[in-house]
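One structure below.
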Amino acid sequence: MACLSPSQLQKFQEDGFLVLEGFLSAEECVAMQQRIGKIVAEMDVPPHCRTEFSTHEEEQLQAQGSTDYFLSSGDKIRFFFEKGVFDEKGNFLVPPEKSINKIGHALHAHDPIFRSITHSPKVQALARSLGLQMPVVVQSMYIFKQPHIGGEVFPHQDASFLYTEPLGRVLGVWIALEDATVENGCLWFIPGSHTSGVSRRMVRAPAGSAPGTSFLGSEPAWDSSLFVPTPVQKGALVLIHGEVVHKSKQNLSDCSRQAYTFHLMEASGTTWSPENWLQPTAELPFPPLYT
């Protein structure tokens, strides 16, 4: 089982992230990739992506449509696209399967393949060895990092978006479904950057007001020389502390860098911020990890 050794636990506590190579088998990776291929083949492109820009007012409506689509995606399977993949009439400029940035945010709840991986005995054993008492799954994403157009992810802390009181209750689980290399946009971390709180928070605006979210505080200018690249092989799992600073660069290579990622929260003694963009719903309360 995927139990952490004392030295692995210590490394995670010191660095704020930990690589576990070979966590998933090649078969498990392929099953998720095949499943996502089917989901993409059947996708309905959201109307706000299809709109033809003309007036400033329509652009605002488009932006609001995009915001609403994002803000209400916590309990659904929804599609988010790279910049520049649609023409002004909303037609694809690249094949649809090459245009998607990510699919989120409830694959773990609505898709049997992703649910079974998320709640697998391996993942449950890992959470237990981290001492999690009542972990719940708050969101999941399939990230494509497309060849040539897979965009940069700027330095951030996950707890900026998934804020809890107290801090330290959110854990990212990032699984490489293809090799993640320096060339195709692997993760970069600042080791030990998870111990000084959160510098910036994204909060949800009151319902119906635009824009739908705003930031409190600001992201510091992180020293780029502090970041350490973390290339991993297909099937590797990367544990990500909610406050560790990390980023990924643009993918300029010929290979995609697909990954499945989900976030756990220790629900025992924790308050999920009512200002977070993501909120549990009556249809989908955050499901317990332990089954």
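The values are calculated or read from the model by the stated rules, or taken from the named source; none is laboratory data. What you are looking at is a predicted structure, and each value in this text was computed from that prediction instead of being measured. Note that we place each Cβ from the backbone using ideal geometry, even for glycine, and neighbour counts take in every protein chain shown. Heavy atoms of the whole protein, side chains included, go into the accessibility calculation; ligands, DNA and RNA do not. Shrake-Rupley method; radii C 1.70, N 1.55, O 1.52, S 1.80 Å.
Here are some notes:
- Considering residues of the range 108-137 that are under 15 Å from GLN33 (Cα atoms) and free of Cβ contacts under 8 Å to residues at least 60 places away in the same chain only, the residue surrounded by the most Cβ atoms within 10 Å (Cβ to Cβ): ARG115
- Tally of residues being over 22 Å from GLU28 (Cα atoms), assigned to a loop (DSSP other than H, G, I, E, B) and of a type in the set (A, V, I, L, M, F, W, C) across the range 175-190: 2
- If the condition is being among the polar types (S, T, N, Q), open to solvent by less than 80 Å² (accessible area, probe 1.4 Å) and closer than 21 Å to GLY208 by Cβ, then the range 49-107 contributes THR51, GLN62, GLN64, SER66, THR67, SER72, SER73.
- The range 27-49, residues that are part of a helix (DSSP H, G or I), of a type outside the set (A, V, I, L, M, F, W, C) and more than 20 Å from the chain's Cα centre (by Cα): GLU27, LYS38, PRO47, HIS48
- Candidate set: the range 238-287, residues that are of a type in the set (D, E, K, R) and out of contact with any strand residue (DSSP E or B) (no Cβ under 9 Å at 6 or more places or on another chain); chosen: the one least open to solvent (accessible area, probe 1.4 Å): ASP254
- Matching residues in the range 146-200 - criterion: being acidic (Asp, Glu) and either more than 20 Å from GLY74 (Cβ to Cβ) or surrounded by fewer than 17 Cβ atoms within 10 Å (Cβ to Cβ) (or both): GLU152, GLU165, GLU178, ASP179, GLU183
- Some residue of the range 25-45 being open to solvent by 30 Å² or more (accessible area, probe 1.4 Å), closer than 29 Å to ILE190 by Cα and not hydrophobic (A, V, I, L, M, F, W, C): yes
- Going through (1) touching a residue at least 12 places away in the same chain (Cβ under 8 Å); (2) on the phi > 0 side of the Ramachandran plot; (3) surrounded by fewer than 16 Cβ atoms within 10 Å (Cβ to Cβ) one by one, GLY208 falls short only on (1).
- The set of residues in the range 1-19 that are open to solvent by less than 20 Å² (accessible area, probe 1.4 Å) and assigned to a strand (DSSP E or B) contains only LEU18.
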